[in-house]
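Worksheet: one structure, shown below.
Only the coordinates and a few stated rules stand behind these numbers; no lab work does. Nothing here was measured: the structure is a model prediction, and the numbers come from that model. In this analysis, Cβ positions are derived from the backbone assuming ideal geometry, glycine residues included, and neighbour counts consider all displayed protein chains.
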Amino acid sequence: MREPYGLIGVFATPEAIQQAAAQLRRLGLHGVEAYTPYPVEGLGELLHPGRKLFLPILMFVAALCGAAWGYFIQYWDEALDYPLNVGGRPHNSWPAFMVSTFEFMLLVTVFAGFVGLLVASRLPQLYHPLFNADEFGRASRDGFVLCVEMRDPSFDLATVSRIFERCGAERIEEVTA
């Protein structure tokens, strides 16, 4: 027998899923995730409050490292490895290095942002236990699906089911892993 993963409720309106998410949040449940056919304003803040700093900090550090690396490559080549006096200019001519440094900084920053976005989004995800749920397909068409994971320490099956019923869930389904 497969072990239980969570409980999902399928709602017809965005207001109903927001109401259910707010009640679950007040109970202290953190393993709650929503799947909707279009973005529902305010739902993300209800489920995961607080500012997300992972991606901006990652991109800032990548920009600093990329700029330092881009500048050092040029400095090493021009001043340390192969110093060639052209027109009497100094070997460490930083104005000449700035364009390439900026371009390399952008390259490293965008790459780090892309990889960081994939990591933060947990993509690519080829399998998830919710794919086994009969009603999960409605999340991409006309249903608003709210899933509460059973591994959450505050999870209580009866309480979550009552909240789903009170908020007008059309269907409540237990999902197995």
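For the reader, a short list of remarks on this structure follows.
- Mean separation of Cα contacts under 8 Å, 6 or more apart, over the residue count of the range 42-127: relative contact order %: 41 percent
- About the Cα centre, charge dipole magnitude for the chain (Lys/Arg +1, Asp/Glu -1 at Cβ), debye: 260 debye
- Per-peptide packing, taken as the mean over residues of other Cβ atoms within 10 Å, places 16-28, 148-160 in the sequence 16-28, 148-160 from highest down.
- Fully extending the segment from T176 to F102 would add 21.6 nm, taking 0.36 nm per residue of separation and subtracting the current Cα-Cα distance.
- Taken along its three principal axes, the alpha carbon spread of the chain comes to 81, 35, 31 Å, from the longest extent down to the shortest.
- Candidates A169, L24, Q74 compared by Cα position along the dipole of the chain: farthest toward the positive end lies L24, with charges placed on Cβ.
- The range 72-172, relative contact order in percent, only Cα pairs under 8 angstrom and at least six apart counted: 10 percent
- Sorting the segments 37-48, 81-92 by their mean number of nearby beta carbons within 10 angstrom, highest to lowest, gives 37-48, 81-92.
- The alpha carbon centroids of the range 142-163 and the range 95-139 are separated by 29 Å.
- Cα long-axis angle, helix 94-120 against the chain (0 to 90 degrees, to the nearest 10): 20 degrees
- Computed magnitude of the charge dipole of the range 27-120 (debye, nearest 20; Cβ of K, R +1, Cβ of D, E -1): 140 debye
- Farthest toward positive dipole pole in the chain [+1 Lys/Arg, -1 Asp/Glu at C-beta], among Y127, V10, P56: P56
- Counting 0.36 nm for each residue step from V61 to A12 and taking away their Cα separation leaves a gain of 13.3 nm.
- Taking Cα atoms only, the orientation of helix 54-75 departs from the longest principal axis of the chain by about 20 degrees.
- Relative contact order (percent, whole number), the chain, Cα cutoff 8 Å, 6+ residue spacing: 52 percent
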